[in-house]
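The values are calculated or read from the model by the stated rules, or taken from the named source; none is laboratory data. All of these numbers come straight from a predicted model, not from anything done at the bench. Cβ placement follows ideal geometry from the backbone for every residue including glycine, while neighbour counts extend to all protein chains displayed.
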Amino acid sequence: MRSLPARLAVTAVAFVALAPVSDVHAAPPPATLRDVPLPFLWPRAGVYSVAAVSDTEAWFAGVQGFVNEPGGNPVVRRRMGSEWREYPLRGWSGSGGIQEVVAHGGEVWVWGVQDGTRLYLARFDGTAFQPVTPLSEDVYAYGTRLWAGPAGVWLQIKVVGSDSVIRPELYRRVGDAWTADPLAGQLQGGLPDLNARSATEAWTGSCRYNADAGRLESVALRWNGSTWAALPPLPTEHCVGSVAPAGGGAVWALAWDTLYHWDGTRWTSAPAGPFDGEGEKVRLDKDGNPLVVVGHTIKFAPVPPLRYAGGAWQRFTTPGGTWTSDLSVAPSGRIWVTGSTRIDSPVALTSP
């Protein structure tokens, strides 16, 4: 769900627009991405997801040989230096693709959809991806989400209940088992994103029903290692879709048409600029500037990643017209991007 049924009152929280940055501030670095040659993929391929590991290593996932739904064959490739490596996907059967790959601290996980209905969930053991048994047999596979970071591996699945209603369930990996977290059931549609800074600091956002006010509110929430606490509601009718913690209790929250910043006291908004809707994901570059992926599915012109720096928006320069599908930033600061060209050819990019 992208918007609330009624416009939220903005008096619940202090809110101002971000002022332009003075000219005395140093100019932000150029926003440039270069091409990463992809390995051989069968025709009609797509690279949907990227997980950065370092300046020289990243994982990519998607599909190849796609003709019709459901169809194609799964793609998981590891870029190491200038080489590409492929590993077996144990337990995979049927047709379909890998929707997402996540990596952090030696943990690498993927999920995909087999034959249009069956969830494939697997963990990399160093030589191959080993399947992990789904937590429920009645999973709506396309509703799955994975996150990996300093706070561990988190999994959200959407389960079809006996009443045929699809409900989100959130789990955190503890050892070799999953521990349930009740938060997903409290948010509108569950968690669209989760981003952690440490083992005891993770953030998310969505919409949540305020029973006292009798309405949905756009919220960002912080996890302290055991419980979640919500910030004051955002001054928008759109749900938070992605978050990027900035340290010191600050966080950037991306709604459909606006990027917001919480400084510990109040919410402020970045100017619209080239970002006027379809916000999908926000992450921070090595200097703490927000990087935004704008949804490309209904855009008729190329949509490269955006960066908000020095009080203004920048469009990344790419070798050709690029529609962005995913973005990941390595601990060292290198940016890795996946996307496609006008003719639907897969693209992989990285910062210089």
How many residues does region 214-238 hold that are over 28 Å from residue 180 (Cβ atoms) and surrounded by fewer than 16 Cβ atoms within 10 Å (Cβ to Cβ)?
1
What's the number of the condition residue 246 fails, among (1) modelled with pLDDT under 95; (2) closer than 25 Å to residue 312 by Cα?
(1)
Filter result (in a loop (DSSP other than H, G, I, E, B) and over 23 Å from residue 328 (Cβ atoms)) within region 161-194
161, 162, 163, 164, 165, 175, 176, 187, 188, 189
Subset tally (residues that are assigned to a strand (DSSP E or B) and either among the polar types (S, T, N, Q) or at pLDDT below 95 (or both)) for region 225-243:
1
Tally time: how many residues in region 308-352 are buried (at least 18 other Cβ atoms within 10 Å of the Cβ) and of a type in the set (Asp, Glu)?
1
Do any residues in region 273-288 that are modelled with pLDDT of 95 or more have Cβ atoms under 8 Å from those of residues that are of a type in the set (D, E, K, R), where the two are at least six apart or on different chains, and which pairs are they?
281/193; 281/326; 285/307
For region 62-79, check the following and say yes or no: at least one residue is more than 15 Å from residue 326 (Cα to Cα), modelled with pLDDT of 95 or more, out of contact with any strand residue (DSSP E or B) (no Cβ under 7 Å at 6 or more places or on another chain) and exposed (fewer than 13 other Cβ atoms within 10 Å of the Cβ).
no
Check whether at least one residue in region 245-264 is surrounded by fewer than 14 Cβ atoms within 10 Å (Cβ to Cβ), in contact (Cβ under 8 Å) with a residue 40 or more places away in the chain, in a strand (DSSP E or B) and at positive phi, and report yes or no.
yes
Considering only region 325-348, how many residues are among the β-branched types (Val, Ile, Thr) and modelled with pLDDT under 95?
2
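Per-residue answers, yes or no, for (1) within 29 Å of residue 85 (Cα to Cα); (2) surrounded by fewer than 21 Cβ atoms within 10 Å (Cβ to Cβ):
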site	(1), (2)
108	yes, no
114	yes, yes
135	no, yes
138	no, yes
142	yes, yes
160	no, yes
164	no, yes
168	no, no
Among 184, 141, 148, 180, which is the only one that is in contact with a Leu (Cβ under 9 Å, 6 or more places away or on another chain), small (Gly, Ala, Ser) and under 19 Å from residue 98 (Cα atoms)?
141
So which strands (runs of 3 or more DSSP E) stay within region 271-327 end to end and still have 1 or more residues that are small (Gly, Ala, Ser)?
279-284, 306-309, 312-315
Here the qualifying pairs (Cβ atoms under 8 Å; residues six or more apart or on different chains; first in region 97-112 and among the small types (Gly, Ala, Ser); second not in a strand (DSSP E or B)) come out as 97/66; 97/72; 103/53; 105/150; 112/92
Just give me the residues in region 71-105 being over 16 Å from residue 43 (Cα atoms) and in a loop (DSSP other than H, G, I, E, B), in sequence order.
81, 82, 87, 88, 90, 91, 92, 93, 94, 105
When residue 347 is evaluated against the numbered criteria (1) of a type in the set (A, V, I, L, M); (2) touching a residue at least 60 places away in the same chain (Cβ under 8 Å); (3) touching a Cys at 6+ places or on another chain (Cβ under 8 Å), which criterion, by number, is the only one it fails?
(3)
Specify which of the listed residues (208, 222, 197) is in contact with a helix residue (DSSP H, G or I) (Cβ under 7 Å, 6 or more places away or on another chain) and part of a strand (DSSP E or B).
208
Can you tell me how many residues in region 120-160 are on the phi > 0 side of the Ramachandran plot and either of a type in the set (A, V, I, L, M) or outside any strand (DSSP E or B) (or both)?
1
Out of curiosity, is residue 144 among the polar types (S, T, N, Q), at pLDDT 95 or above and more than 23 Å from residue 351 (Cα to Cα)?
yes
